[in-house]
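Worksheet for the structure shown next.
The values are calculated or read from the model by the stated rules, or taken from the named source; none is laboratory data. Note that the structure is a prediction, hence the values are computed from the model and not measured. Cβ atoms come from the backbone with ideal geometry, glycine included; neighbour counts cover every protein chain shown. Remember, those area values only see protein heavy atoms, side chains included, never the ligands or the DNA or RNA. Shrake-Rupley method; radii C 1.70, N 1.55, O 1.52, S 1.80 Å.
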Amino acid sequence: MFIKMKVSDTNMKKVLLTVISLLFTAMFLIACSDDGNTTGGEERNIENNTEGDNKLDEEVNDDSSDSNSGYFEVTEEPQMDLRLGDTGLVQTSIGTYELTLNSAEIVGTELDGEATLLDELIVLDLTFKNTSDDTLVAEDLMYNLGIATSLGGSNTSNNAEHFESIQVFEGEIAPGEEKQAQFIADVKTSDEYYFRPSPGVVSNGTHNDLLWTIADGEARK
């Protein structure tokens, strides 16, 4: 009886060892399988991202090709000595127009309950005349214009939408049509103010260079 029990115990131990061994083997195989799936997923994501980057490059190249096919070059000479009352000939990649600076007025530190963010507010009265064969969008023309107190400084742009008494320049301008507009901006008090297109659009070749110089005394009513 004793011998039979001993053999039985020995068999039980072998069974337990076998089960434990099988469990470890199964866990090992599962772990390896998970690692393989993760690596595959990461590689797939990298490939997908690479494909996306290549697609973006192709779109950029396509845009460049389209741009080159409709190549634009500024041929209008710079007009840098314009003053109040003068008309500039504007040439841009979206069309041509005449721009007249009719008047300028510094209206103080506040207008319509809105205080200036700098020293004072200046209001310009402008006339746009579409000289191109296509309809122009008013907002596009005004967007590129600004005023500065230093030729090496940045422009302050039009903020008409923040003032109730200033009409926002919007809508379409048909070929040959003239439209009046107002421009209002924050400025630092200076001896001179420079109304001009953004230096950025001039340097990238999509807009000719113009400059209206406004003396401080001319803008004081």
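The lone criterion from (1) modelled with pLDDT under 95; (2) crowded, with 16+ Cβ neighbours inside 10 Å left unmet by residue 153 is number (2).
When the test is whether a residue is part of a strand (DSSP E or B), open to solvent by 50 Å² or more (accessible area, probe 1.4 Å), out of contact with any helix residue (DSSP H, G or I) (no Cβ under 6 Å at 6 or more places or on another chain) and not basic (Lys, Arg), residue 180 passes it.
Taking segment 183-215, which residues are part of a helix (DSSP H, G or I) and crowded, with 17+ Cβ neighbours inside 10 Å? Working first, answer last.
Filtering segment 183-215 down to residues part of a helix (DSSP H, G or I) leaves 199-203.
Passing the criteria: 199, 201, 202.
One residue stands out in segment 69-92 among those that are exposed (fewer than 15 other Cβ atoms within 10 Å of the Cβ) and in contact with a Gly (Cβ under 8 Å, 6 or more places away or on another chain): the one that is nearest to residue 209 (Cα to Cα), namely 73.
Residue-by-condition table, conditions (1) aliphatic (A, V, I, L, M); (2) modelled with pLDDT under 95; (3) within 20 Å of residue 194 (Cα to Cα); (4) under 25 Å from the mean Cα position of the chain (by Cα):
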| site | (1), (2), (3), (4) |
| --- | --- |
| 97 | no, no, yes, yes |
| 101 | yes, no, yes, no |
| 107 | yes, no, yes, no |
| 121 | yes, no, yes, no |
| 138 | yes, no, no, yes |
| 141 | yes, no, yes, yes |
| 146 | no, no, yes, yes |
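Could you tell me which of the residues 173, 184 is touching a strand residue (DSSP E or B) at 6+ places or on another chain (Cβ under 7 Å) and farther than 16 Å from residue 91 by Cα? Break it down into steps so the answer makes sense when it comes.
Values: 173 fails: farther than 16 Å from residue 91 by Cα.
One residue alone meets the criteria, 184.
Among what's in segment 158-175 and is of a type in the set (Gly, Ala, Ser) and free of Cβ contacts under 8 Å to residues at least 40 places away in the same chain, pick the residue that is least open to solvent (accessible area, probe 1.4 Å). So the residue we want is 160.
Residues of segment 108-137 being open to solvent by 50 Å² or more (accessible area, probe 1.4 Å) and part of a strand (DSSP E or B), which ones?
Here is the first cut: in segment 108-137, the ones open to solvent by 50 Å² or more (accessible area, probe 1.4 Å) are 109-110, 112-115, 117-119, 125, 129, 131, 133-135, 137.
Result: 110, 114, 115, 125, 129, 137.
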